[in-house]
Amino acid sequence: MFLGIDVGTTSVKAALVDDRLRIVATASADYPTTFVRPAWVEQDPEDWWRATLAALATLTKSAPDVLSSVAGISVTAQAPTLLALDSSGAPLRPALIWMDRRADSESAILSTLIDSNEYQRNSGNRLDPFFVAPKLLWLKEHEPEVLGRTQVFLQVNGFIAYRLTGAISMDESHASLLGLLDVRTGGWLADVVAAVGVDPATFPVSSAATDVIGHVTMDAAEATGLARGTLVVAGTVDSAAAALEVGVVRLGMAAEMTGTSTVVVLPTAEPAARPEFITMRSAIPDQWLCLAAMVATGASLSWLKDVTPAGKSLTALTDAAAGVPAGAGGVVFLPYMMGERSPIWDTTARGAFVGLHLGSGVPELTRAVLEGVAFALRHNLEIAAEAGFHPKALRSTGAPAASDVWCQIKADVTGVPIHRMRGPTGAAYGSAIIAAWGTGDAGLVGEILDAPGAVDREFVPDPRNAQLYGDLFHIFRNTYLHLKEGFVALTQLQSRDKT
């Protein structure tokens, strides 16, 4: 068997597959996120490890010895992350996860030290606090003692792999999101490394996703139930693994994975280097991914559930929203609850309901959230079209894909059919594929990659809603533009209150 572990933004998910890559069992375990202040988001790396152990323990409940049959393991994860370890391998501080945007001013400082356009061409990505480079400069300026004690910087999956094997590693996909490497040569960008004040030796040499980086140690075997010596491969970023899960492995295909956030995955032969999007190495050799990454899509719906009367599940909310006609009763929602990445890249952007009236109830607000996320998705797809991406369908995965009403709204708003994949497990299954690829039958994996993928249901755009959603999308875009200065002013007021 093969084990895929995915450390997401809110939970660890594990998928166990057999030698035909059929799912045997899945499990998950949640962990907390600390919102230190607006745009400051941290997690305790020890929580990732505890949740990993909990998920693996759940896998063994029905078959106590099942993990001893695992031949290979892959770990995928949220990305990118600033995680500093000391000489003993212990975290020096909580990790700054991808959602953390405290390094906004450091991004501005870097833009005065290096040419932003040249940096975009060389690194494949923009200067933004999403990436590791500005976070490193923040660490240098605000916590120099931590930087001075740092022996190695890891990514989330590298930390779990370290706990399993004792080996220090980083995969190519995570490496491409550091903001420190030249996407054309793979070498370090010397001017950027100097500006952020780090020694390249504090980063592991990167490996391909399927490269074996170590073996399960005796201590890890005792803690997990895995067999000592089990092979562990480098793994990849969650979105790259999810692309494998839904079979988006060739040019012209596309996927949208929604959990806490939403990422649209577009395979490409060369680094796209578009300022609106993220450029990242694929788990597939000689392929890159263009990612349209939003911040708080599923999180916006979870937030609404938390602030509405207790007892309402997400399913109950979306079911009620299905009874509200398209247009949410005239309410438009901006899903920028933690700033936004693609395509506007605005740390100060915030969520907003516009058009509220006394007849607006929870079902209308829920429908507005579902439509607002779909409008943000459409915004990214329109820019992707300008860059030459014209997918004929979007393969959909992640827990929110189970919502028929949300899938239909996405199809109606974007004008692109949504193909919900059968039995989606997210990146954990893609991670298991990588484990099999690196340690098992490569020919079998080739068959899986050549397969068309199992579509559960196709949601076709309803032409009756096209004009309405076109008009609402125009309002959606203009609303943000009109509120943009106000968002900046609110952020400045909050910052002043914290000082």
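Each eigenvalue of the Cα gyration tensor of the stretch 148-205, multiplied by 5 and square-rooted, gives one semi-axis; in descending order these are 21, 14, 8 Å. Tell me, Kirkwood radius of the chain from alpha-carbon pair distances, in Å? For the chain, inverting the mean 1/r across all distinct Cα pairs yields 22.9 Å.
Close amide H contacts of residue 151 (hydrogens built in the peptide plane, cut-off under 5 Å, sequence separation of 5 or more or a different chain): 85, 86, 87.
Whenever you get a sec, compute what percent of the accessible area on the chain sits on carbon and sulfur atoms (1.4 Å probe). Its accessible area is 53 percent carbon and sulfur atoms. Taking Cα centroids, how far is the stretch 392-418 from the stretch 35-76 in Å? One Cα centre to the other: 29 Å. Annotation for the stretch 390-422: trypsin sites (Lys or Arg not before Pro) lying in DSSP loop with at most 12 further Cβ atoms inside 10 Å of their Cβ are 392, 422. The distance from the alpha carbon centre of the stretch 215-265 to that of the stretch 313-373 is 31 Å, rounded to a whole number. Near residue 20: Cβ cut-off under 14 Å, other residues only, Lys/Arg at +1 and Asp/Glu at -1. The net charge is -3. Measuring nothing but how far apart in sequence close Cα pairs (under 8 Å, 6+ apart) lie, relative to its length, the chain scores a relative contact order of 16 percent.
Helix-only arithmetic for the chain: the sum of -39500 (n - 2.57) across DSSP H runs with n ≥ 4, divided by the residue total, places the mean residue ellipticity at 222 nm at -12000 deg cm²/dmol.
For the stretch 199-302, the relative contact order works out to 20 percent when only alpha carbon pairs closer than 8 Å and six or more residues apart are counted.
Given R0 = 22 Å, the distance between the Cβ atoms of residue 143 and residue 113 translates into a calculated FRET efficiency of 0.65.
Partners of residue 61 within straight-line reach, counting lysines whose Cα lies under 24 Å from its Cα and excluding those fewer than 8 residues away in the same chain: 13. Peptides 225-234, 309-318, 145-154 ranked from most to least packed give 225-234, 145-154, 309-318, packing being the mean of other C-beta atoms within 10 angstrom over each peptide's residues. Using R0 = 45 Å, the C-beta based FRET efficiency linking residue 307 and residue 449 works out to 0.60.
How high is the relative contact order of the stretch 366-419? Use alpha-carbon pairs under 8 Å, at least six apart in sequence, and give a whole percent. Taking the mean separation of contacting Cα pairs over the length of the stretch 366-419, I get 48 percent.
Rolling a 1.4 Å probe across the protein heavy atoms gives the chain an accessible surface of 38 Å² per residue.
Charging the Cβ of each Asp and Glu at -1 and of each Lys and Arg at +1, and nothing else, the dipole of the stretch 367-425 about its Cα centre rounds to 240 debye.
The values are calculated or read from the model by the stated rules, or taken from the named source; none is laboratory data. All values reported here derive from a predicted model rather than from experimental measurement. Glycine gets a Cβ as well: all are built from the backbone with ideal geometry, and neighbour counts include every protein chain shown. Please note that ligands, DNA and RNA were not included when accessible areas were found on the heavy atoms of the full protein model with its side chains. Shrake-Rupley method; radii C 1.70, N 1.55, O 1.52, S 1.80 Å.
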